[in-house]
Amino acid sequence: MPGTMAHESTVDRDRLANLYVTHAPESIRLAFLLTGEWAAAEDLVQEAFARLVGRLRHLRDPAAFTSYLRRTIVNLATSHFRHRRVERDYLEREAAVPHREGNPNEALDEAMHAVLLRLPQRQRAAIVLRFYEDLSDVQTAEILQCSAGTVRSLVSRAMKTLREELEGMPR
């Protein structure tokens with residue numbers, strides 16, 4: 001029936017709008033931490049939701065939406081890095097920005113973020129998902145499509161690099 005199809009479309013649109021309002025802020029934060037750029041983060045999240053539109057009806061477990069969304073964002077971020085050299089562009093732009101006063105930890109925050117962006121993409125994703133998104137090894141492994149042991153290895157190598165790079169910074 002034509003009326004039923006239009007009703008289903010409206011229900012799906014409303015459901016997607018509610019999911020977007022609920023999950024967009026945390027998704028944009030995840031994408032920003034992976035890419036280092038707000039505009040790229042917002043684009044990745046919009047793209048992730050656009051990809052989910054056709055699959056929304058087929059989700060067997062609505063609770064899996066958040067995990068599926070995170071995985072989609074991580075995959076899109078990986079593709080993003082294949083096409084652009086975000087790290088180099090970001091570091092050049094940050095060097096040109098005048099220093100802002102206010103946050104006593106700002107130098108450490110900026111240094112941490114710069115080092116984070118220099119990590120290999122999978123190590124960066126593991127760190128962001130584990131410590132900024134506060135996911136378990138298992139949840140992170142599901143999103144990165146690897147074993148929990150691989151996640152621990154990625155995190156360990158990333159932490160070693162972060163410690164070495166940030167050694168001597170005031171905390």
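The values are calculated or read from the model by the stated rules, or taken from the named source; none is laboratory data. Note that the structure is a prediction, hence the values are computed from the model and not measured. As a convention, Cβ positions derive from the backbone with ideal geometry for all residues, glycine included, and neighbour counts pool all protein chains shown. Heavy atoms of the whole protein, side chains included, go into the accessibility calculation; ligands, DNA and RNA do not. Shrake-Rupley method; radii C 1.70, N 1.55, O 1.52, S 1.80 Å.
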Exercise. Going through the range 131-171 one residue at a time, which ones are hydroxyl-bearing (Ser, Thr, Tyr) and open to solvent by less than 30 Å² (accessible area, probe 1.4 Å)?
Worked result: 140
Problem set entry | Matching residues in the range 13-30 - criterion: being surrounded by 14 or more Cβ atoms within 10 Å (Cβ to Cβ) and of a type in the set (Ser, Thr, Tyr) | 20, 27
Problem set entry | Subset of the range 109-130 (residues that are open to solvent by 30 Å² or more (accessible area, probe 1.4 Å) and either among the small types (Gly, Ala, Ser) or at pLDDT 90 or above (or both)) | 118, 120, 121, 122, 130
Exercise. Do we have residue 154 as in contact with a His (Cβ under 9 Å, 6 or more places away or on another chain), of a type in the set (A, V, I, L, M) and modelled with pLDDT of 90 or more here?
Worked result: no
Exercise. What pairs can you find where one residue is in the range 58-72 and within 16 Å of residue 31 (Cβ to Cβ) and open to solvent by 40 Å² or more (accessible area, probe 1.4 Å), the other is part of a helix (DSSP H, G or I) and modelled with pLDDT under 90, and their Cβ atoms are less than 9 Å apart, with a gap of 6+ or different chains?
Worked result: 68/52
Problem set entry | Residue selected from the range 147-171 under the condition outside any helix (DSSP H, G or I) and free of Cβ contacts under 8 Å to residues at least 12 places away in the same chain, by the criterion farthest from residue 36 (Cα to Cα) | 147
